[in-house]
Amino acid sequence: MSMAEAARLSVYDQTLIAALEVLSRPVLVDRSYLDDVVAILRDVVRYASREQVRLMPLIQAAEQFLTYRPLHPGYYGGLHDRACKEMNAWDRQRLADGWDAIRGRAA
């Protein structure tokens, strides 16, 4: 996904990404509202841009949160680690895309 393609992320895609960012760092956020973040995911994931291949790992991670039954409010077990892994990969790729664009390697 080039920088131009990233600009074409829908508001649903952007909201999904922001929700996963929050869910990827439960140690740094107030867990009392993470169930609300998952409820937001439930509303937006169905409208995510599945035709954008780079979004699929994020969409799949989001869908796992929707089916997980937490034992304690705001705690989604290993899914927090999965979200962290996927968000790190997303961020690394966005950084590389931006750097390539700056250096004139991307259209």
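The values are calculated or read from the model by the stated rules, or taken from the named source; none is laboratory data. The structure displayed is predicted, hence computed values, not measured ones. Cβ atoms come from the backbone with ideal geometry, glycine included; neighbour counts cover every protein chain shown. With ligands, DNA and RNA removed, areas are computed over all heavy atoms of the protein, side chains included. Shrake-Rupley method; radii C 1.70, N 1.55, O 1.52, S 1.80 Å.
Observations on the structure shown:
- Pick from the range 78-99, criterion open to solvent by less than 50 Å² (accessible area, probe 1.4 Å) and without any contact (Cβ under 8 Å) to a residue 40 or more places away in the chain, ranking: farthest from residue 22 (Cα to Cα): 96
- Among (1) in a helix (DSSP H, G or I); (2) over 22 Å from residue 12 (Cβ atoms); (3) not aliphatic (A, V, I, L, M), the one test that residue 97 misses: (2)
Condition check ((1) surrounded by 12 or more Cβ atoms within 10 Å (Cβ to Cβ); (2) modelled with pLDDT under 95; (3) small (Gly, Ala, Ser); (4) more than 12 Å from the chain's Cα centre (by Cα)) across all residues:
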position: 7; (1), (2), (3), (4): no, yes, yes, yes
position: 10; (1), (2), (3), (4): yes, no, yes, yes
position: 17; (1), (2), (3), (4): yes, no, no, no
position: 20; (1), (2), (3), (4): yes, no, no, no
position: 26; (1), (2), (3), (4): yes, yes, no, yes
position: 32; (1), (2), (3), (4): no, yes, yes, yes
position: 38; (1), (2), (3), (4): yes, no, no, no
position: 42; (1), (2), (3), (4): yes, no, no, yes
position: 48; (1), (2), (3), (4): yes, no, yes, no
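- A search for C-beta distances below 6 Å between a residue of the range 12-28 that is touching a residue at least 40 places away in the same chain (Cβ under 8 Å) and any residue that is among the hydrophobic types (A, V, I, L, M, F, W, C) and outside any helix (DSSP H, G or I), counting only pairs 6+ apart in sequence or on different chains, returns 13/48; 16/48.
- Residues (in contact with a Ser or Thr (Cβ under 7 Å, 6 or more places away or on another chain) and assigned to a loop (DSSP other than H, G, I, E, B)) located in the range 35-72: 49
- Scan of the range 52-66 for residues that are modelled with pLDDT of 95 or more and over 11 Å from the mean Cα position of the chain (by Cα), ordered by number: 64, 65, 66
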